[in-house]
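Accompanying notes for the structure given below.
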Amino acid sequence: MLDRSFFHQAAAAALSVVAIASIAVFTARAGDKATSVLDFHMKDIDGHDVDLARYHGKVIMIVNTASQCGLTPQYKDLEALYEKYKGQGFEILGFPANEFGAQEPGTDSQIKEFCSTKYKVSFPMFSKIVVKGKDIHPLYQFLTSESTNGKFAGEIPWNFTKFLVNRKGEVIARFQPREKPNAESVVATIEKALAEK
């Protein structure tokens, strides 16, 4: 008859192998590089964690915004675009940033108040982030880096730069700050992306 201690040792060894394997898997996942904007976790304007994977299957416009910019009225056009196409699976994600002329100096709560009262913004707004420079947020590092977004890479030049992402999470277009959200070329690109299932 085998000693009970043999079974205890065998069980302990098996548990150790499982634990080591679990740690290895966790470490591998934690070390994985983002391959899509859907791989990021962000804070919304109320401070809640948001996994951008929730937008898988949607067409997304990512915009860096500001409240005191000459282009701030684009909020009105963005909201109109959102209202028109949200039923077809279109989302706009607004990311306030203060890198350009310090035109977004407020707190998240002040930005939220401004957007909701002045422009009736109902699309998702996120916590203020850095979109260029040494403290750039990883999402914008991904969007602007040659190695991760070669076709549409390049430093953000100003507020209201717009990236369009298809239903698979791939960046398919970039529109410059002065290109209005309701411009014919922008709308045509959105409609084409929405038509792809």
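The values are calculated or read from the model by the stated rules, or taken from the named source; none is laboratory data. Small disclaimer: the values here were computed from a predicted structure and weren't measured. Reconstructed Cβ throughout: ideal geometry from the backbone, glycine too, with neighbour counts over all protein chains shown.
The table that follows gives values for the structure above.
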item: Region 51-101: number of residues that are crowded, with 18+ Cβ neighbours inside 10 Å and part of a helix (DSSP H, G or I); result: 9
item: Those residues of region 152-164 which are surrounded by 16 or more Cβ atoms within 10 Å (Cβ to Cβ) and not hydroxyl-bearing (Ser, Thr, Tyr), in sequence order; result: Ile156, Trp158, Asn159, Phe160, Lys162, Phe163, Leu164
item: In region 83-96, the residues that are within 18 Å of Arg174 (Cα to Cα) and either small (Gly, Ala, Ser) or modelled with pLDDT under 95 (or both); result: Gly94
item: Pairs with Cβ under 8 Å, 6+ apart, first in region 157-169 and assigned by TED's automatic domain parsing to the domain that holds Tyr85 and more than 16 Å from Pro181 (Cα to Cα), second surrounded by 21 or more Cβ atoms within 10 Å (Cβ to Cβ) and among the hydrophobic types (A, V, I, L, M, F, W, C); result: Asn166/Val59; Asn166/Ala193; Arg167/Val59; Arg167/Ala193; Gly169/Val37
item: Matching entry among Ala34, Ala30 (being aliphatic (A, V, I, L, M), part of a loop (DSSP other than H, G, I, E, B) and at pLDDT below 95); result: Ala34
item: Selection status of Lys134, modelled with pLDDT under 95 and either over 24 Å from Thr189 (Cα atoms) or outside the structural domain of Val50 (by TED's automatic domain parsing) (or both); result: yes
item: Single residue of Gly87, Gly70, Gly57, Gly150 found to be touching a residue at least 12 places away in the same chain (Cβ under 8 Å) and either closer than 20 Å to Asp46 by Cα or in the same structural domain as Ile190 (by TED's automatic domain parsing) (or both); result: Gly57
item: Any hit, region 137-151, residues being of a type in the set (D, E, K, R), touching a helix residue (DSSP H, G or I) at 6+ places or on another chain (Cβ under 8 Å) and either part of a helix (DSSP H, G or I) or crowded, with 16+ Cβ neighbours inside 10 Å (or both); result: no
